[in-house]
There are 2 protein chains.
Amino acid sequence: MTRILFSLLLMLSLTHAGENLASWNDGTSKKNIISYVTSVTDPKNKDFIPVADRIAVFDNDGTLWSEKPMYFFLYFTMDRIIDLAPQHPEWKTEEPFKSVLQKDIKGVMKSGMEGLTKLIMATHAGMTDEAFDDLVMDWIKTAKHPTKNVHYTELIFQPMLELLNYLRDNGFKTFIVSGGGIDFMRPWASEVYGMPSYQIIGSKLEVKYENKQIVRYPKLRFNDDKEDKPVGIHYHIGKRPVAAFGNSDGDFAMMEYTEANAKYKTLQLYVHHTDDKREVAYDRKSHVGKLDKGLDYAKAHDWTVVDMKKEWKVVYPFELKK
Amino acid sequence: MTRILFSLLLMLSLTHAGENLASWNDGTSKKNIISYVTSVTDPKNKDFIPVADRIAVFDNDGTLWSEKPMYFFLYFTMDRIIDLAPQHPEWKTEEPFKSVLQKDIKGVMKSGMEGLTKLIMATHAGMTDEAFDDLVMDWIKTAKHPTKNVHYTELIFQPMLELLNYLRDNGFKTFIVSGGGIDFMRPWASEVYGMPSYQIIGSKLEVKYENKQIVRYPKLRFNDDKEDKPVGIHYHIGKRPVAAFGNSDGDFAMMEYTEANAKYKTLQLYVHHTDDKREVAYDRKSHVGKLDKGLDYAKAHDWTVVDMKKEWKVVYPFELKK
């Protein structure tokens, strides 16, 4: 009985799910989003998609929150290195630890993926799940962005939050598919984005089950980036998405995989970082969040490209309070 | 607005979520289930669990459907071998293919895990996701169980379906955590158990993203059994469950991991196959679904052990129609 009542209520509420994209200026992107959602949720429309197949995937860094001057999880990692340094006197002379301790970001970046991996291993491994969650939550509640001087979770994109809710109100299941680590994202992202932990897919370290605990080991198990984003989606969701949202060439494969959905009409949207005043302007030549090949493809394939500067009334939620 | 309305309705409906365990006889198991759910969903109870943390995990083979005389996915695999045999004349003399083609089950079993892996690789790999889904769906709709002579999906356990719905009506998220492969389970299990594909965790083959498709490769990537069930839960759900349901020693680690939840009251339940008339009676000495160590531990730790013969009014849904 409860289940029947519930289904009826769900149908009713979906029928009335209007849009609330208040922070989006009227423009091509907003029009494309509303036109897509309206057509695929209308049972009389030829493009109708059943609720069970309304799967939408979102990149995180640069798509749902900022990623400059560096991926935020690297700030977390560097702060952890500084905290752990007293137990590791050898780090004073060993790269990339030396650069971290001297707060020499360029030196850290110069160590490349290999150096970054060393930092992640040294800080994420050798402890239980629950202990690591506590560390992340302590940090996310206290640490502040180096130039904006606000908590990192204040640097999420207000228009994207509204988009997430608009999709959910219309029966879509929303997932994060990020190159960032699940261990760093899940403790806070569930609440901040309204996304349960099992809808957050990301990079993974090796873990083992030992003494009734999940324990981390210093080895990367899965790097959820580029051509591995569709792989992560396959393993985790088990269905080809119908809508994909990203901001860089690292999201291209996920968006292309979505576009190639043979069954349903799809939506692909790139957040284009064009606003050097409220956020940071970057694309083809950026090391972090490079958008080059994807930008050309998007233009040639009628993907939606959001011009942040022109199309977003506000970037961050705190601007609403001003 | 819709979201607020929806939350209110959710609260209302949860308050009224009575039990409908119609196929369970009054007995210890039913009492334990209801007592647990009642206490953890009552906001005034010291054992109250917020909805977001009501995570329940279910084994599949032997817990949600039968697994005798052999795991059902092995019948699927053997039928595929027979279909593919004309393209592989070498199988006539090569084990374990030879035994499959001669329908010599004992010969197949003698080849052990190594032989079974060969069969799975030969039948699951080298094709796209969508093509494999179609094969599974064709089979599940047409193939019949060798002794029961009904479709395999008719051999799901009616009392467990009622339990799944009872938990969902009370705000639990239910997941399958099975040693079976996700590729075999997901196409049909979503509908049969009312479980979205992203709530089904299982063993995985290697895949790659190629030409806009997910393509399978003949290598096992993850064997979701024993100590790796908590690992699968960690990666996929990202939260320690509060309730776990299994039937064999292969589920023990998952249930122990759940029991060790430091934050919440938990429930562990073993389906004990005691009914040799309606189903099959087996436990400590069975090759498939061995329940030995787990049975002793369950008794010593006050886990719920369901005596199928005594506690289930019916085993399969088709018995209701009689």
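Contact annotation: residue pairs with Cβ atoms under 7 Å, 6 or more positions apart or on different chains, pairing a residue in region A:90-106 that is under 18 Å from A:Y71 (Cβ atoms) with a partner that is modelled with pLDDT under 95 and basic (K, R), are A:P96/A:K118.
Quick one: would you say A:Y282 is more than 26 Å from B:Q199 (Cα to Cα), hydroxyl-bearing (S, T, Y) and in contact (Cβ under 8 Å) with a residue 12 or more places away in the chain? Considered against the rule, which asks whether it is more than 26 Å from B:Q199 (Cα to Cα), hydroxyl-bearing (S, T, Y) and in contact (Cβ under 8 Å) with a residue 12 or more places away in the chain, A:Y282 comes out as yes. Scanning region A:40-80 for residues that are aliphatic (A, V, I, L, M) and surrounded by fewer than 19 Cβ atoms within 10 Å (Cβ to Cβ) yields A:V51, A:A52, A:M70. Just to be sure I understand, how many residues within region A:280-305 are among the charged types (D, E, K, R) and buried (at least 21 other Cβ atoms within 10 Å of the Cβ)? The number of residues fulfilling the criteria is 0. Whether any residue in region A:161-179 is in the same structural domain as A:D228 (by TED's automatic domain parsing) and among the acidic types (D, E) is what I want to check. Yes: one or more hits.
Of the residues in region B:220-232, at least one is aliphatic (A, V, I, L, M), at the interface with chain A (Cβ under 8 Å from one of its Cβ atoms) and farther than 18 Å from B:Y36 by Cβ. Among the residues of region B:207-219, the ones that are among the β-branched types (V, I, T) and at the interface with chain A (Cβ under 7 Å from one of its Cβ atoms) come to 2 in all. Of A:A243, A:A298, all but one fail to be of a type outside the set (S, T, N, Q), over 27 Å from B:M185 (Cα atoms) and more than 14 Å from the chain's Cα centre (by Cα); the exception is A:A298. Answer yes or no as to whether B:E210 is outside the structural domain of B:T77 (by TED's automatic domain parsing) and more than 27 Å from B:M254 (Cβ to Cβ). In short, yes.
Could you identify the single residue in B:K226, B:K265 that is surrounded by fewer than 20 Cβ atoms within 10 Å (Cβ to Cβ), assigned to a loop (DSSP other than H, G, I, E, B) and at positive phi? Give the steps one after another, and end with the answer.
Working: B:K265 fails: at positive phi.
Just one listed residue meets the conditions, B:K226.
Considering region B:184-219, the residues that are within 11 Å of the chain's Cα centre (by Cα) and part of a strand (DSSP E or B) include one that is nearest to A:A52 (Cα to Cα), namely B:I200.
Considering A:S203, A:S197, the condition of being at the interface with chain B (Cβ under 7 Å from one of its Cβ atoms) and not basic (K, R) is satisfied by A:S197 alone. Can you tell me which residue is farthest from B:M121 (Cα to Cα) among those in region B:233-258 that are more than 8 Å from chain A (Cβ to nearest Cβ) and in a helix (DSSP H, G or I)? Taking the candidates together, the pick is B:T258.
The helices (runs of 4 or more DSSP H) found entirely in region A:105-165 that carry 2 or more residues being crowded, with 18+ Cβ neighbours inside 10 Å are A:112-124, A:129-142. Mind checking whether some residue in region A:95-102 is of a type in the set (D, E, K, R) and part of a loop (DSSP other than H, G, I, E, B)? Yes, the conditions are met somewhere in region A:95-102. State the number of residues belonging to region B:268-280 that are assigned to a loop (DSSP other than H, G, I, E, B) and under 13 Å from B:E67 (Cβ atoms). Residues in region B:268-280 being assigned to a loop (DSSP other than H, G, I, E, B) and under 13 Å from B:E67 (Cβ atoms): 3 in total.
Out of region B:166-183, which residues are in a helix (DSSP H, G or I) and either within 11 Å of chain A (Cβ to nearest Cβ) or under 15 Å from the mean Cα position of the chain (by Cα) (or both)?
Answer for region B:166-183, where residues must be in a helix (DSSP H, G or I) and either within 11 Å of chain A (Cβ to nearest Cβ) or under 15 Å from the mean Cα position of the chain (by Cα) (or both): B:Y166, B:R168, B:D169, B:I182, B:D183.
Would you be able to say whether some residue in region B:306-315 is out of contact with any Cys (no Cβ under 8 Å at 6 or more places or on another chain), surrounded by 15 or more Cβ atoms within 10 Å (Cβ to Cβ) and among the basic types (K, R)? Checking region B:306-315: at least one residue is out of contact with any Cys (no Cβ under 8 Å at 6 or more places or on another chain), surrounded by 15 or more Cβ atoms within 10 Å (Cβ to Cβ) and among the basic types (K, R).
Per-residue answers, yes or no, for (1) at pLDDT 90 or above; (2) more than 14 Å from chain A (Cβ to nearest Cβ):
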site: B:S13; (1), (2): no, no
site: B:K31; (1), (2): yes, yes
site: B:Y36; (1), (2): yes, yes
site: B:V57; (1), (2): yes, no
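Checked against (1) surrounded by fewer than 21 Cβ atoms within 10 Å (Cβ to Cβ); (2) within 17 Å of A:L64 (Cα to Cα); (3) hydrophobic (A, V, I, L, M, F, W, C), A:V215 meets all criteria but (2). As a summary of the residue check, B:S197 satisfies the conditions (1) without any contact (Cβ under 8 Å) to a residue 40 or more places away in the chain; (2) more than 30 Å from B:S39 (Cα to Cα); (3) among the polar types (S, T, N, Q) except for the one numbered (2).
With respect to the conditions (1) more than 10 Å from chain B (Cβ to nearest Cβ); (2) at pLDDT 95 or above, A:I4 lacks only one, and its number is (2).
The values are calculated or read from the model by the stated rules, or taken from the named source; none is laboratory data. From a predicted model like this one, the values you see are computed outputs, not experimental measurements. Please note: Cβ atoms are built from the backbone with ideal geometry, for glycine as well, and neighbour counts cover all protein chains shown.
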